[in-house]
1. Could you compute the net charge surrounding residue 103? Neighbours are other residues with a C-beta less than 9 Å from the C-beta of residue 103; K and R count +1, D and E count -1.
2. As an exercise, identify the trypsin sites (Lys or Arg not before Pro) in the range 50-123 lying in DSSP coil whose Cβ has no more than 16 other Cβ atoms within 10 Å.
3. Within the range 22-66, list the GluC sites (Glu not before Pro) lying in a DSSP loop whose Cβ has at most 13 other Cβ atoms in a 10 Å radius.
4. Any lysines with Cα under 19 Å of the residue 89 Cα? List them, leaving off those in the same chain fewer than 8 positions away.
5. Pick out, in residue order, every one of the trypsin sites (Lys or Arg not before Pro) in the range 11-50 that is DSSP loop and has at most 16 other C-beta atoms within 10 Å; say none if there are none.
6. Using a 7 Å offset from Cα along Cα-Cβ at residue 32, what residues in the range 70-86 end up with backbone N under 19 Å from the label point?
7. Search the structure for amide H atoms under 5 Å from the amide H of residue 89, placed 1.01 Å from N in the peptide plane, and list their residues when 5 or more places away or on another chain.
8. Given the Cα-Cα distance of residue 84 and residue 3 and 0.36 nm per residue of separation, how much length would full extension add, in nm?
Amino acid sequence: QVQVVESGGGLVQAGGSLRLSCAVSGDIFSGNRMGWYRQGPGKQREQRELVAMFTNEGQTTYGDAVKGRFTITRDNAKSSLYLQMNSLKSEDTAVYYCYIDVPYPPVGRRRHWGQGTQVTVSS
């Protein structure tokens with residue numbers, strides 16, 4: 001059974017930094033697409049915004065709003081994903097969700113989400 005658990009959220013002043021962690025269980029970490037989305041205040045689930053991700057090939061992609069400020073990394077040995085957030089702005093306030101896409105042949109892939117971690121940036 002796949003479990004995705006985020007940690008590291010909190011309250012920070014504008015200009016500060018936070019590091020989010022995401023632990024994935026289930027021996028499915030390597031080689032799968034994974035990353036972070038965020039859902040801002042008042043936004044619906046369908047309006048979640050891509051923050052950063054690793055493709056199946058291990059390349060990184062960042063949302064335009066966070067390029068140059070956030071960095072996604074991972075530790076395959078620990079089955080963990082990280083998001084280093086620097087130069088935080090009030091508009092970064094959101095619930096941050098970690099996800100991993102797991103293949104279930106021959107049906108296809110299923111996205112597993114964490115429960116989310118709140119990041120609040122005060123101005």
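The values are calculated or read from the model by the stated rules, or taken from the named source; none is laboratory data. Everything quoted here is computed from the prediction, not taken from an experiment. Reconstructed Cβ throughout: ideal geometry from the backbone, glycine too, with neighbour counts over all protein chains shown. Areas reflect the complete protein model, heavy atoms only, side chains present, ligands, DNA and RNA absent. Shrake-Rupley method; radii C 1.70, N 1.55, O 1.52, S 1.80 Å.
1. That works out to +1.
2. 67, 69, 89
3. On the way: sites: 46, 49, 57; in loops: 57.
Of the GluC sites (Glu not before Pro), the ones in loops of the range 22-66 whose Cβ has at most 13 other Cβ atoms within 10 Å are 57.
4. Straight-distance partners of residue 89: 43, 67.
5. Here the trypsin sites (Lys or Arg not before Pro) that fit, given the DSSP loop and packing criteria, are 43.
6. So the set is 73-83.
7. Amide H neighbours of residue 89, under 5 Å, 5+ apart: 15.
8. Net length gain for the segment: 27.0 nm.
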